[in-house]
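The structure appears below as structure tokens.
Every number here is computed from the coordinates shown, using simple stated rules; none is lab data. These numbers were taken from a predicted model, which means no experiment stands behind them. Note: ideal-geometry Cβ built from the backbone for every residue, glycine included; neighbour counts use all protein chains shown.
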Amino acid sequence: LALPGLHPAAPVRRPSRQIHVGDVPVGGGAPVSVQTMTTTPTTDVDATLRQIAAITAAGCDIIRVAVPSADDADALPRIVAKSPIPVIADIHFQPRYVFAAIDAGCAAVRVNPGNIKKFDDRIADIAQAATTARVPIRIGVNAGSLDPRLLAEHGSATPQALVASALREASLFEEHSFRDIKIAVKHHDPMTVVAANRLLARACDYPLHLGVTEAGPAFQGAIKSAVAFGILLAEGIGDTIRVSLSTDPVEQVKAGVHILQSLGLRPRRLEIVSCPGCGRLQVDIHRLAARVEAAFDGFPHPLRIAVMGCVVNGPGEAREADIGVSSGNGKGQIFVRGEVVRTVPESKIVDALLEEALQLAPSDDAA
Ligand code: SF4
């Protein structure tokens, strides 16, 4: 199940059943997709669509919107009609919104069995509606809202309890011959997420949605997610990911994309290789790297740009990259594909890199 065009050392994926979230295949060897949730009120259709556009530009494949009220459910058809990526409705507490989401044309519905009272009584109807509309269901189990019966049985939200909850709900759908399912078992602790997904991967062939829930502020949360997803994806486990950070969803998507690119599971767009700096520094490397990152934000061509702080490793790394700068003595030596093309004052380094990148880009397109 290795995909063509990816890093030669990219992990081999666990075989799994494939579902389709709109036009995005999930599982069955499909590329690992990135998803997140909007943070705008779902009833504010224009704001939600603007956020979906920004999220899509950052590399998101699938978007999920919360449906906490009837007004939110009413907004779904207008969001679905204009969203450039498939929309999943996220439903807690009210099973009737599941039917509204399916009627609205949502590409999938996420249900949290622990938060829907008498959910089991509604499964036959949900399975019937989802089958008719060919809409997959995500069973999303969260440690914070685990079925009280399982919490009592296991004492806490252990990996076994999370998996038992998910498989129990899946089996209820299976009783109605419904298998268009993906599963998520989420916890705030990365190693619990790893243990739970390993168990789940052995116990079923459903595609798995990975998430460290409530992972925290951006820096901590991105690291927790990268650790858990890195371990699991390196073992071939995981078909779609969501990085949950207390920050703009665009940043969540960028983190998810970087995780997949680091694992060789998604082709790189743009990579900045920059040195951390040390006592040999001859330029403010942190500021320079941040300026280069900002200048190249959204740059559509897959270039590697080296930003180096002195002549020790600078020329070597700069030569390995598509474009690079080796800084020193108030100047920057600009490299393009291994050759020094010019030397510019420090204040002109970012402009020079951008100019060279733009010159390089059309020839890449033509290749
Ligand atoms: Fe230090 Fe130079 Fe290496 Fe940067 S490139 S970490 S400044 S030795």
Practice problem: Using only Cα atoms, locate the centre of region 22-54 and the centre of region 267-286, then give the distance between them in Å, rounded to an integer. | Solution: 32
Quiz item: Between His286 and Gln160, 0.36 nm times their residue separation minus their Cα-Cα distance comes to what?
Solution: 40.9 nm
Quiz item: Quick one: if you stick a label point 7 Å off each Cα along the C-beta vector at Lys82 and Asp120, how many nm between them?
Solution: 4.3
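Work out the length of the dipole vector of the chain about its Cα centre, built from +1 on the beta-carbon of each Lys and Arg and -1 on the beta-carbon of each Asp and Glu, and round it to the nearest 20 debye. Mind showing how you got there, number by number?
On the way: 36 positive and 39 negative charges, 110 e Å.
The calculation lands at about 520 debye.
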Quiz item: So how tilted is helix 119-133 from the main axis of the chain? Cα-based, degrees 0 to 90, rounded to 10.
Solution: 60
Quiz item: With a sphere of radius 10 Å drawn around the Cβ of Gln282, what net charge do the other residues whose Cβ falls strictly inside it have (Lys, Arg +1; Asp, Glu -1)?
Solution: 0
Quiz prompt | Two-site FRET efficiency, Arg337 against Ala203, from Cβ-Cβ distance with R₀ of 41 Å, rounded to 0.05 | solution = 0.25
Practice problem: Please give the calculated 222 nm ellipticity per residue for the chain, where each DSSP H segment of at least 4 residues contributes -39500 (n - 2.57) and the sum is spread over every residue; nearest 500 deg cm²/dmol? | Solution: -13500 deg cm²/dmol
Practice problem: Grab the Cα-Cα distance for Gln359 and Thr43, subtract it from 0.36 nm times how many residues apart they are, and report the gain in nm with one decimal. | Solution: 109.3 nm
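With charges only on Cβ, +1 for K and R and -1 for D and E, what is the dipole size of region 101-216 about its Cα centre, in debye, rounded to 20? Working shown, then result.
Details: 13 positive and 13 negative charges, 37 e Å.
Using Cβ point charges on Lys, Arg, Asp and Glu, region 101-216 gives about 180 debye.
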Quiz prompt | Net charge dipole size for region 240-285 [Lys, Arg +1 and Asp, Glu -1 on Cβ; Debye, nearest 20] | solution = 200
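DSSP loop GluC sites (Glu not before Pro) in region 136-239 with at most 14 other Cβ atoms within 10 Å of their Cβ, which ones?
Glu175
Which pairs break 30 Å Cα to Cα here: Lys254/Lys331; Lys82/Lys254; Lys254/Lys348; Lys186/Lys254? Walk me through the intermediate numbers first.
Numbers: Lys254/Lys331 32 Å; Lys82/Lys254 23 Å; Lys254/Lys348 28 Å; Lys186/Lys254 20 Å.
Cα-Cα > 30 Å for Lys254/Lys331; rest within.
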Quiz item: Taking the Cα centre of each part, how many Å lie between region 70-97 and region 159-233?
Solution: 23
Self-check item: 0 to 90° range, to nearest 10: angle between helix 249-262 axis and the chain longest Cα axis
Solution: 70
Quiz item: Once both axes come from the Cα atoms, what is the angle between helix 349-366 and the longest principal axis of the chain, in degrees from 0 to 90, rounded to 10?
Solution: 70
Practice problem: Work from the charge dipole of region 126-268 (Cβ charges, +1 for Lys and Arg, -1 for Asp and Glu, about the Cα centre) and give the residue of His209, Leu199, Leu162 farthest towards its positive end. | Solution: His209
Exercise. Mind telling me which of Lys182, Lys348, Lys254 comes out most flexible in a GNM of the chain, alpha-carbon contacts under 10 Å?
Key: Lys348
